[in-house]
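Each value in this text was obtained by applying a stated rule to the coordinates, not by laboratory testing. Here the structure is a predicted model, which means the values were calculated and not measured. Don't worry about glycine lacking a Cβ; one is built from the backbone with ideal geometry, like all the others, and counts go over all protein chains shown.
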Amino acid sequence: MFGLYFGKYLVEQNVITKEECDSVMEKQKSARVKLGLLAVETKLMTQAQADEVNTLQTLMDKRFGDIAVTKGYLTEEQVGELLKKQGDAYLQFVQTITEEGLMDMNQLNKYLEDFKNACGYTEEELEDLKSSDLDRVVPLFSKEAQGLTKDYLSLMVRNLNRFIDTEIRMEELYIKDEINIDKAACQSMFGDHDLFVGFVGEQDGLVHIGSQFAKEDFEEVDEDVLDSICEFINTTNGLFASSLSEQEINIDMHPPMMAMDVQTIRSNKLYILPIFLSGKKVELVLSLDEKVVVE
């Protein structure tokens, strides 16, 4: 996930091309992070120590971890912990982009600092983004959302990751009182709280969600696509209602509904979260405890 954000920044700064970025993102999927990079990133070893061990590996048929333990740079326990982290998405991206010769570690660290400053992230927030933990990443892009709104956004994005697409990139949540829509799938909930949820946006994005959830290849937004998205929303809302019931908060769901023609959604406060799934854009629309009119 981190590579989707940092890679986009590098392309926008003309550091790498979009084609190079796409290649890195594809190759990192099968990358296994080298132990030396992990040890340096976690500050268990210096770069000089890692380089020394790498050089020794050209002279003896031993694993990086075995040599590092022999040299006293790592303990057996530390090697074991590092081996568990070899699927780290951030480090996979770092390793792939450096191995492709697009930049060295000094350059990467410089651009990473520039990226942090350009986005206004703190060190802690940057670490949240690196983690690819959606419960830590979603709040970075939805700072205006609190309480149940924040909880719902996290659940929906987790379900998009589980059921639709793992290549998720979000942009900053914004608030409006009215949006015009062409096609949409949505559902309202009622009870101790009123909640309105919908997906609107570009055709490719809606088709992508509908196709992935139905496991069928749809080509354009029609009733089948919107019906599939409605089922996905209904599934997520069912999970949300169940989790709230454990807190003795009771809500129920109206049947999902779809919009096929140009309409307007109005409310005192509509939270809108832009989401890109493999580059295809949709917008998640959410309203809590406000009257919502679709007409």
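Figures for the structure shown
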| read-out | value |
| --- | --- |
| Burial ranking of peptide ranges 40-48, 245-253 (average Cβ count within 10 Å, highest at the top) | 40-48, 245-253 |
| Net dipole in debye of region 195-255 [+1 Lys, Arg Cβ; -1 Asp, Glu Cβ; about Cα centre; nearest 20] | 360 |
| Mean Cβ neighbour count within 10 Å, used as a protection proxy, ranking 103-110, 270-277 highest first | 270-277, 103-110 |
| All Cα pairs of region 140-294, percent lying beyond 18 Å | 54 |
| Under 30 Å from the Cα of residue 27 - lysines, other chains or at least 8 residues apart | 8, 18, 43, 62, 84, 85, 110, 116, 130, 215, 280, 281 |
| Sequence-separation-based contact order of region 43-165, relative, with Cα cut under 8 Å and 6+ spacing, percent | 14 |
| Cα centre as origin, Lys/Arg/Asp/Glu Cβ charges: the chain dipole, Debye | 1000 |
| √(5λ) per eigenvalue of the Cα gyration tensor, the chain, largest first, Å | 43, 20, 17 |
